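Structure first, commentary second.
The values are calculated or read from the model by the stated rules, or taken from the named source; none is laboratory data. Given the structure is predicted, the values throughout are model-derived calculations rather than measurements. As a convention, Cβ positions derive from the backbone with ideal geometry for all residues, glycine included, and neighbour counts pool all protein chains shown. Heavy atoms of the whole protein, side chains included, go into the accessibility calculation; ligands, DNA and RNA do not. Shrake-Rupley method; radii C 1.70, N 1.55, O 1.52, S 1.80 Å.
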Amino acid sequence: MDHSIYLCLVLHNHQPIGNFDSVFEQAYRDSYLPFLEVFEPFEHLRIALHTSGPLLTWLDRVHPEYIDRVRSLVAEGRIEIVGGPFYEPILTMIPARDRRGQIQRYRDWLQDRFETKVVGMWTPERVWESQLTADIAATDTRYTILDDFHFRAAGLSQDQLTGYFVTEDGGSVLRVFPGSERLRYLIPFAEPEHTLEFARSIAQFAPGSILVFGDDGEKFGTWPETKKHVYQDGWLRRFLQMLTDNRSWLRTATPAELIVSHPPAGKVYLPDCSYREMTEWSLPQARQEALDDVIHRLQSHPHWQQLQSFLRGGFWSNFRVKYREANEMYSRMLEISNRLETARHLPLNDEVLQEIEHHLYRGQCNCPYWHGAFGGIYLPHLRNANYRELLSAENFLDQLSPPARTVDAKVEDFDCDLYNEIKISNSRIAAYLAPAQGGMMYELDIRSICHNLLATIQRRPESYHQKIKTTPASGDDQAKSIHDRVICKQEGLDRFLQYDNYPRKSLLDHVWFPDSSVEEIVSGKARAIGDFIGKPFDARIRRASNRVEVVLCREALVEDRLIDLQKTICLASESDELEFAYNLRGLIPGQRLLLGVEFNFAGMPAGADDRFFYDSQSKRLGQLGSQLAISDESLLGLIDEWLGLEVQWSALLPAQIIAYPVNTISQSEAGAELIHQSVCMIPTWTVHANAHGCWEVAFKMAFRTSRTSRNPQNSQPLTVFQECK
C-alpha cells in the first residue's frame, strides 16, 4: 500500500507599514536571507512563499538581489509565489471595493516582478468571514490558506482534514486549505523527527493526505532565540535534509500543484473565525482570563481532545470595541475610502487616483488595529504610520476637490456609534470633537506633516499583566513559540502598571478638590468632584466667513450644586492655532475648585535631547519624558525637532502646569516592555467664583512646523531656545 502524503510548506513573511528600516534589515539578515541560502541547495524540495507588500516593496528597493534569487527559484518550479491584499489589511475590515483592489493590484505587481502566474493568496491573520468568498473569487484567485481551527469550528474532525476543501458564497467558489496548528507548534521548535513522526501517523491512516504548514517566516531566525536554533544549531538544514531523505513518501508540493493534481476533500462553510490564539486575544480582558483558566483546567480531562474543538474565543472585529483607538483609525479609514470612491466618478487623472489609492491601502495595514502576542496597537510608530498614509490620501483628495470653505465644521457620525461628532478643519489643522464623550477632542491632525497628535492609547489591564507581576526580567534561552513565552525585558515593570478610566485624549475636563496634589493627579488618584469626563455635552456651531466656533455645554453636580461648564473651540482660516474659552456658571460665590484641562500629545517620543519642553523664557525644561510641575506659568512649549513640530500652549491667566509621560506595559514577540505613548499636559487653575458665581479663562494652542526633510513644504521656523541654567 502506498503511504505517501504531501507536505505543503507556506511561509508568510511580513513587516508592517511604519516599521523601522533597521527592523526590516535585521529580519532580512536573520530570517529571509539565511532561509533562502539554506533552502537553495535542496533541489528536490518545493515551498510556497507569501511576502507582504510592505516588506516586498522594501526588498525590491533595498535588496533587489534577493528578488532575483527568488525569481530564479520560481523559474525552476521550486517556489510558488502566493499573493494576497497588497498592504496586509484584515479583509473583513475594509470595504469590498478595497479588498478586490488590494488583491488585484498586488497580484499584478507580483506577476510582473517574478514573471509567474499567481493563483493563490494569503488571508491576513487568517481572519475569515463567508462574505470574503465572492470578493476573493472575483479577482480570479483560486485558493487561500486558513487554519484547521476554522474547520474544526465548522464541525469537522481532525481526521477529516486530509486535503483542501471548496467553499461557496452566492455562487462564487473558492478552494481553502486548512493549515495545521500542530505543525505550527512543531516547526521549528521541536526536533525534525517529531514532524516526521506526525506525518507518518497521518500517512498510515490516510495515505495521499495533504498536510499544510502555513505560518510566519520570522519564526526562522527573527523570533527570540530562533536564529541560533534554526541556523547556528542547524535545525533548518537537518529539517530539509530529513524531507529530502524521506521524499519517497513525504513529498513537498505547492498549493498550486495540489489543486491541479488532487480533487477537493469536500465542501465546507466556515464560520467567522481566525486562528485559535487570535480568537482568544479578541476577547475582553476578563473573558480572556476566564477562557484561559477553563482551558488550563480542562487540559487534563480524559476527553480534552474532543472537548477542545468546541471551545472558541471571540470575533476579530471586536478589537474595535476592546480598543476604541482601533475604531477611531478604522472610522478614519472608511471616511477616506468613501471620499476616494466619490472621486473615482469625477473626470480626474488616473495616476493621481492611483496615488491616493496607494496611500489608502497602506493606511489599511492591519498591525496597529489589534493586539496579541505582538505589540500591534501598542506600538506608536505603527499607529502614526497608518495615520500618516490616511492623512496623505486626504491631502491629495483636497487638492483634487478643494473644500467649498477655507474653514469649516461638519457634523456626522464619523465613528459609527449613532452619536454625531464634529470635525473642524482648515488647510493646516483638522480636529475631531465628540460631544457625547465629554466633549473631548479625539483626533488632531497637523496636515502639513500628516501627523495625528491624538493617535494615543488608553492604559488598560491586559490578561498578561498578572504574569508580569511574577516574572523576572530574564528567561531561558531555549527557542519556543512566542505563545509560550512570558519574559520581561526590564526589571520592575510591575511598578509601572497603571490604568486609565477614560480615553487618553484632549479637552478632558477635570474638577478636583483645590488641595489635590500633583502626585495624586499624575497617579490618577485625585478625587473628581465634577461629572464631565465621558458624559454628554450639548453642542452648537457658529460659523463666520473666516472662522468656526464649536460651543460645548454640560450642567453637572459639583459638591451638591449644579454648575454649568461651557467650553468654546475656535478655528480660523489659514490659522495654525486653536483657541479655547472656558466659562463656569452657577458656582457659590467665593467657592474654590481646581480645574484641569487635560491634553495628550502622541508621536512626540521621550528619551531624546531633540524632543523637549520650554517655558515662557525660552528655557529648556527637560526631555519630553520628564515630569513637570510649574507654578504661575502662562506658556509651555513642546518641541520635536525630528518630526519638525512645535506645540505651544499659552494663556493670559497663569496656571500651574503639570506634564508627565504616559507609558504602557505591553507584550511583543520579544517580551513585555515599557513603551512611551504620549505626553500628558494639564494646565490647572484654582477657580475662585466671583460674586455672580462665575469664572472664566481663555487659552490657545499653536502648532508650528519647520523646514525639515520630513516636511519640506512647511514655512514657519521653530522657536529659538536657551539652555536652562
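Hey, among the residues in region 132-147 that are touching a strand residue (DSSP E or B) at 6+ places or on another chain (Cβ under 7 Å) and within 17 Å of residue 316 (Cα to Cα), which one's surrounded by the fewest Cβ atoms within 10 Å (Cβ to Cβ)?
The qualifying residue surrounded by the fewest Cβ atoms within 10 Å (Cβ to Cβ) is 146.
Would you mind stating whether residue 559 is in contact (Cβ under 8 Å) with a residue 12 or more places away in the chain, open to solvent by 20 Å² or more (accessible area, probe 1.4 Å), of a type in the set (Asp, Glu) and touching a Ser or Thr at 6+ places or on another chain (Cβ under 9 Å)? Break it down stepwise before answering.
Details: in contact (Cβ under 8 Å) with a residue 12 or more places away in the chain: yes; open to solvent by 20 Å² or more (accessible area, probe 1.4 Å): yes; of a type in the set (Asp, Glu): yes; touching a Ser or Thr at 6+ places or on another chain (Cβ under 9 Å): no.
Spelling it out, it is not the case that residue 559 is in contact (Cβ under 8 Å) with a residue 12 or more places away in the chain, open to solvent by 20 Å² or more (accessible area, probe 1.4 Å), of a type in the set (Asp, Glu) and touching a Ser or Thr at 6+ places or on another chain (Cβ under 9 Å).
Hey, does region 215-230 have a residue that's open to solvent by 30 Å² or more (accessible area, probe 1.4 Å), aromatic (Phe, Trp, Tyr), modelled with pLDDT of 95 or more and assigned to a loop (DSSP other than H, G, I, E, B)?
Scanning region 215-230 turns up no residue that is open to solvent by 30 Å² or more (accessible area, probe 1.4 Å), aromatic (Phe, Trp, Tyr), modelled with pLDDT of 95 or more and assigned to a loop (DSSP other than H, G, I, E, B).
In region 265-291, how many residues are in a helix (DSSP H, G or I) and under 20 Å from residue 375 (Cβ atoms)?
Counting residues in region 265-291 that are in a helix (DSSP H, G or I) and under 20 Å from residue 375 (Cβ atoms) gives 7.
Test residue 341 against the criterion of being within 18 Å of residue 102 (Cα to Cα), surrounded by fewer than 16 Cβ atoms within 10 Å (Cβ to Cβ) and out of contact with any Phe, Trp or Tyr (no Cβ under 7 Å at 6 or more places or on another chain), and give yes or no.
Considered against the rule, which asks whether it is within 18 Å of residue 102 (Cα to Cα), surrounded by fewer than 16 Cβ atoms within 10 Å (Cβ to Cβ) and out of contact with any Phe, Trp or Tyr (no Cβ under 7 Å at 6 or more places or on another chain), residue 341 comes out as yes.
Which of the residues that make up region 648-668 are buried (at least 22 other Cβ atoms within 10 Å of the Cβ), farther than 30 Å from residue 467 by Cα and in contact with an Asp or Glu (Cβ under 9 Å, 6 or more places away or on another chain)?
655, 657
Just one of 328, 335 is assigned to a helix (DSSP H, G or I), surrounded by 23 or more Cβ atoms within 10 Å (Cβ to Cβ) and acidic (Asp, Glu); which is it?
Residue meeting the stated conditions: 328.
Just one of the numbered conditions (1) in contact with a His (Cβ under 7 Å, 6 or more places away or on another chain); (2) in contact (Cβ under 8 Å) with a residue 24 or more places away in the chain; (3) loosely packed, with under 15 Cβ neighbours inside 10 Å is not true of residue 346; which one?
Result: residue 346 passes all but (1).
Conditions (1) closer than 22 Å to residue 505 by Cα; (2) over 28 Å from the mean Cα position of the chain (by Cα), marked per residue:
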position	(1), (2)
602	yes, no
613	yes, yes
624	yes, no
633	no, yes
647	yes, no
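Out of the residues in region 627-647 that are in a loop (DSSP other than H, G, I, E, B) and open to solvent by 40 Å² or more (accessible area, probe 1.4 Å), state the one that is nearest to residue 596 (Cα to Cα). Outline the logic, then answer.
The first filter runs over region 627-647 and keeps only residues in a loop (DSSP other than H, G, I, E, B), leaving 627, 641-644.
Those left that are additionally open to solvent by 40 Å² or more (accessible area, probe 1.4 Å): 627, 641-642.
Numbers: 627: 16, 641: 28, 642: 30 Å.
Among residues in region 627-647 that are in a loop (DSSP other than H, G, I, E, B) and open to solvent by 40 Å² or more (accessible area, probe 1.4 Å), the one nearest to residue 596 (Cα to Cα) is 627.
Where residues in region 669-692 are surrounded by 17 or more Cβ atoms within 10 Å (Cβ to Cβ) and assigned to a loop (DSSP other than H, G, I, E, B), which of them is modelled with the highest pLDDT?
689
Surrounded by fewer than 17 Cβ atoms within 10 Å (Cβ to Cβ), of a type in the set (D, E, K, R) and at pLDDT 95 or above: is that true of residue 267 in this structure?
Considered against the rule, which asks whether it is surrounded by fewer than 17 Cβ atoms within 10 Å (Cβ to Cβ), of a type in the set (D, E, K, R) and at pLDDT 95 or above, residue 267 comes out as yes.
Would you be able to tell me the number of residues in region 364-404 that are part of a helix (DSSP H, G or I), aromatic (Phe, Trp, Tyr) and in contact with a Gly (Cβ under 9 Å, 6 or more places away or on another chain)?
Looking only at that region, the number is 2.
Provide a single number: the residues in region 391-435 that are of a type in the set (Gly, Ala, Ser), under 23 Å from residue 569 (Cα atoms) and open to solvent by 50 Å² or more (accessible area, probe 1.4 Å). Full working, then the answer.
As a first pass, look at region 391-435 and keep what is of a type in the set (Gly, Ala, Ser): 392-393, 401, 404, 409, 425, 427, 430-431, 434.
Add one more test, that the residue is under 23 Å from residue 569 (Cα atoms), and what stays is 404, 409, 425, 427, 430-431, 434.
Retained after the next criterion (residues that are open to solvent by 50 Å² or more (accessible area, probe 1.4 Å)): 404, 427.
Here the count works out to 2.
Do you know which residues across region 305-319 are out of contact with any Cys (no Cβ under 9 Å at 6 or more places or on another chain) and part of a loop (DSSP other than H, G, I, E, B)?
Hits for region 305-319 are 311, 313, 314.
Can you list residue pairs whose Cβ atoms sit under 6 Å apart, with the first residue in region 288-307 being touching a residue at least 60 places away in the same chain (Cβ under 8 Å) and the second being assigned to a loop (DSSP other than H, G, I, E, B) and surrounded by 13 or more Cβ atoms within 10 Å (Cβ to Cβ)? Count only pairs 6 or more apart in sequence or on different chains.
288/463; 289/463
When you check residue 306 against the structure, is it modelled with pLDDT under 95 and closer than 23 Å to residue 460 by Cα, yes or no? Show your work before the answer.
Numbers: modelled with pLDDT under 95: yes; closer than 23 Å to residue 460 by Cα: no.
In short, no.
In this structure, is residue 171 over 23 Å from residue 84 (Cβ atoms) and either open to solvent by 10 Å² or more (accessible area, probe 1.4 Å) or modelled with pLDDT of 95 or more (or both)? Break it down stepwise before answering.
Numbers: over 23 Å from residue 84 (Cβ atoms): yes; either open to solvent by 10 Å² or more (accessible area, probe 1.4 Å) or modelled with pLDDT of 95 or more (or both): yes.
Answer is yes for this residue.
Which condition from (1) in a loop (DSSP other than H, G, I, E, B); (2) surrounded by fewer than 17 Cβ atoms within 10 Å (Cβ to Cβ) is the one that residue 89 breaks?
Result: residue 89 passes all but (2).
Within region 247-264, can you find the residues that are open to solvent by 30 Å² or more (accessible area, probe 1.4 Å) and assigned to a loop (DSSP other than H, G, I, E, B)?
247, 248, 249, 262, 263, 264
Within region 270-289, count every residue that is open to solvent by less than 30 Å² (accessible area, probe 1.4 Å) and touching an Asp or Glu at 6+ places or on another chain (Cβ under 7 Å).
Selection size over region 270-289: 4.
With the checklist (1) over 27 Å from residue 419 (Cβ atoms); (2) in contact with an Asp or Glu (Cβ under 7 Å, 6 or more places away or on another chain); (3) acidic (Asp, Glu) in hand, flag the one item residue 560 doesn't pass.
Result: residue 560 fails condition (2) only.
Please go through region 577-592 and give me each residue that is in a strand (DSSP E or B) and of a type in the set (A, V, I, L, M), ordered by number.
578, 581, 584
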